[in-house]
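Here's the structure, in structure tokens; my notes come after.
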Amino acid sequence: MLTRREVIRLGAAAATAFLPLPSCSSSKRTFRPPGGVPYEGTDDQLLDEIQRATFNFFWNEASPATGQVKDRALARGGDQRRMSSIAATGFGLPSLCIGERRGYRKPAEIAARVRTTLQFIADMPHEHGFFYHFIDIETGQRWAKCELSSIDSSLLLCGVLTARQHFSDQQIRDLATKIYERVDWPWMLNGGKTFSMGWHPESGFLGARWEHYCELMMIYLLAIGSPTHPIPADTWNAWTRPTVTFQGIEYISGNDPLFTHQYSHAWFDFRKKHDAYANYFDNSVKATRAHKVFCLSLRDEFPDYSEDLWGISASDFQNGYTAWGGPPRMGPIDGSIVPCACGGSLPFLFDDCMRVLRTIRGVYGEKAWTPYSFVDAFNPLNAWYDPDVLGIDLGVTMLMAENHRTGFVWEIFMKNAETQSAMQKVGFRPE
């Protein structure tokens, strides 16, 4: 049971060495797109279809008794698995806020589900306020021997704080505050200047740390803004910001998959702001553009990649789960398409990303589109379509679609006083 971060830490080659790779030579493949034309409705109509379908995932694939969301589920329903991901629940809470705002279900039903979710989280097993990455969806108990995860706890907390700010219900607000304020952030530093990636009760803290630019910004900002257990503001300077240059595009990146340029941005509004190092929103624009150019540079190998069809991020693939992308090239790239690569980048490169989503929805139709929105990944070169959807991949598309449409998640989340305080403390200033 490798987590997304474990796959990346191992390195794409090592992490997939035990998996059989396609034996055919991609350079000899020919590609004929299926019949059909790109989605013919408006951009807003397609985004609403995506969001309604994604809302259904977060409603149907969460336990009514606990509110916890499955890590993954069968894309066409009927899933019986019980493994929940706290990160999926973290994306689920703002998805419920979006659904309430857009009228996807009765407001009272949604508010009741949010209360149930937060009450269960408040009572769930934890260590110093941090949670195990995977849990049983009905009991909240640790799944197998997974790690206590600093990043996944942070994703959950971002969802918790979004719900606190959106709903006027006092019980929701009190539970959310309790969950956030009990987190002992200095404990997760484990005596260092950067956060450990996690902790096991059997062996203690993980050796790997959040020490170079990736999705880590949320962890540090949540911790620096804590009113009860803060860490020093100068920890913001403790992680490195290496740069990548690809075909003339230079940007900060840790040589990780594209999702690392999306996750913190789903909640924190970095637009028209900069710290001592960068405008991180503009940086994600550059990273998305470089990723598109990178995919198009592979067309001789994978002729399905085009202006209409590109995008790879950590996801399922035909032989399991992998971390792949670029630049630089990483993982067993085989011509697959990962819809959340563009879905989670909608605010950064909207026209280019929408062109891909319109192609997938229209040209590939019901093969790639399900009652829960897009499948997690598919490969047009060998007609493989993932039978599953993943909560975090649907979630980042849901939030970024809304941020592009209305800025709603940014607006609500950034009203949290702790968020504002943290960004001021680390030196963010308007441009």
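Between P201, T66, F408, the Cα set farthest toward the positive side of the dipole of the chain (charges on each charged residue's Cβ, about the Cα centre) is that of F408.
Charges at C-beta only: +1 for Lys and Arg, -1 for Asp and Glu. How large is the resulting dipole of the chain about its Cα centre, in Debye rounded to 20? Please report the intermediate quantities before stating the final value.
Details: 43 positive and 48 negative charges, 34 e Å.
Using Cβ point charges on Lys, Arg, Asp and Glu, the chain gives about 160 debye.
The charge dipole of segment 31-158, taken about its Cα centre with unit charges on the Cβ atoms of Lys, Arg (+1), Asp and Glu (-1) only, comes to about 240 debye.
At a probe radius of 1.4 angstrom, the accessible area of segment 19-149 per residue rounds to 44 square angstrom. Protein heavy-atom accessible surface, 1.4 Å probe, per residue over segment 186-262: 36 Å². What the phi angles of segment 72-81 give under the Karplus curve with 6.51, -1.76 and 1.60, with θ = phi - 60°, is a coupling list of 8, 8, 4, 5, 10, x, x, 6, 10, 5 Hz, glycine and proline written as x. In terms of the Cα gyration tensor, with a ≥ b ≥ c the square roots of its eigenvalues, is segment 108-155 rounded because a/c is under 1.5, prolate because a/b exceeds b/c, or oblate? Prolate. When the convex hull of the Cα atoms of segment 205-346 is projected onto a plane and the area is averaged over all directions, what value comes out in nm²? Across all orientations, segment 205-346 yields a mean hull projection of 10.1 nm².
I'd like to compare 35-43, 176-184: which one has the highest average count of other Cβ atoms within 10 Å, and what's the full order after that?
Values: 35-43: 12.6, 176-184: 18.4.
Highest to lowest by the protection proxy: 176-184, 35-43.
The value for the chain of Rg(Cα) / (2.2 N^0.38 Å) is 0.92.
Lys and Arg at +1, Asp and Glu at -1: add these up for the other residues within a Cβ distance under 12 Å of R289 and post the number. Mind dumping the intermediate values first?
Values: positive: K286, K292; negative: E250, D282, D351, D352.
Spelling it out: positives minus negatives among the neighbours equals -2.
Counting only protein heavy atoms and a 1.4 Å probe, segment 335-420 has 24 square angstrom of accessible area per residue. Between E202 and D234, the FRET efficiency from the beta-carbon distance, with R0 = 30 Å, is close to 0.35. When each of the peptides 72-79, 130-137 is scored by the mean number of other C-beta atoms lying within 10 Å of its residues, the order from highest to lowest reads 130-137, 72-79.
Candidate cross-link partners of K367 among the aspartates and glutamates, defined by an alpha-carbon separation under 13 Å and a same-chain spacing of 8 or more, comprise D376, D386, D388. Atom-type composition of the exposed protein surface of the chain places 50 percent of the accessible area on carbon and sulfur (1.4 angstrom probe). Normalised by the number of residues in the chain, the mean separation of alpha-carbon contacts (under 8 Å, six or more apart) gives a relative contact order of 22 percent. The packing ranking of peptides 84-93, 422-431, highest mean first, is 84-93, 422-431, where packing means the average number of other beta carbon atoms within 10 angstrom of each residue. Per-residue ellipticity at 222 nm computed for the chain from its helices equals -12500 deg cm²/dmol, with DSSP H segments shorter than 4 residues left out and the rest contributing -39,500 (n - 2.57). Rounded to the nearest 0.05, what FRET efficiency do R81 and N319 give with R0 = 22 Å and r taken as the Cβ-Cβ distance? Could you check? Computed FRET efficiency for R81 and N319 comes out at 0.65.
Under a Cβ-only charge scheme (Lys and Arg +1, Asp and Glu -1), can you give me the dipole magnitude of segment 324-387 about the Cα centre, in debye to the nearest 20? Before the final figure, lay out the partial values.
Working: 5 positive and 6 negative charges, 22 e Å.
Dipole size: approximately 100 debye.
Taking amide hydrogens as placed 1.01 Å from N in the peptide plane, the amide H of H212 sits under 5 Å from those of T240, each at least 5 positions away in sequence or on another chain. Mind running the shape call on segment 169-285? Use the C-alpha gyration tensor, a ≥ b ≥ c as the square roots of the eigenvalues: rounded below 1.5 for a/c, prolate if a/b tops b/c, oblate otherwise. Judged from the Cα gyration tensor, segment 169-285 comes out oblate (a/c at least 1.5, b/c at or above a/b). Assign one of three labels to segment 96-213, namely rounded, prolate or oblate, based on the Cα gyration tensor with a ≥ b ≥ c the square roots of its eigenvalues; rounded applies when a/c is under 1.5, prolate when it is not and a/b is larger than b/c, and oblate otherwise. Verdict is prolate for segment 96-213. Counting pairs of Cα atoms in segment 42-161, how many percent are more than 21 Å apart? More than 21 Å apart: 36 percent of the Cα pairs in segment 42-161. Cross-link partners of K145 among lysines, defined as those whose alpha carbon lies under 24 angstrom from its own and excluding same-chain residues fewer than eight positions apart: K70. In this rough spin-label picture, where each label sits 7 Å from Cα along the Cβ direction, the A276-A122 distance is 4.0 nm.
Give the relative contact order (percent, whole number) for segment 37-124; include only Cα pairs under 8 Å separated by 6+ residues. Dividing the mean separation by the residue count of segment 37-124 yields 28 percent. Straight Cα distances below 12 angstrom link K415 to the aspartates and glutamates D269, with same-chain residues fewer than 8 positions distant left out.
Couplings 3J(HN,Hα) for segment 104-116, derived from phi with the Karplus relation 6.51 cos²θ - 1.76 cosθ + 1.60 (θ = phi - 60°), are 6, 7, 4, x, 5, 5, 5, 4, 5, 5, 5, 4, 4 Hz, where x marks Gly and Pro.
The values are calculated or read from the model by the stated rules, or taken from the named source; none is laboratory data. Because the structure is predicted, anything quoted here is derived from the model rather than measured. Counting neighbours? That spans all protein chains shown, and the Cβs are built from the backbone with ideal geometry, glycine included. Keep in mind that these areas ignore ligands, DNA and RNA; they rest on the heavy atoms of the full protein, side chains included. Shrake-Rupley method; radii C 1.70, N 1.55, O 1.52, S 1.80 Å.
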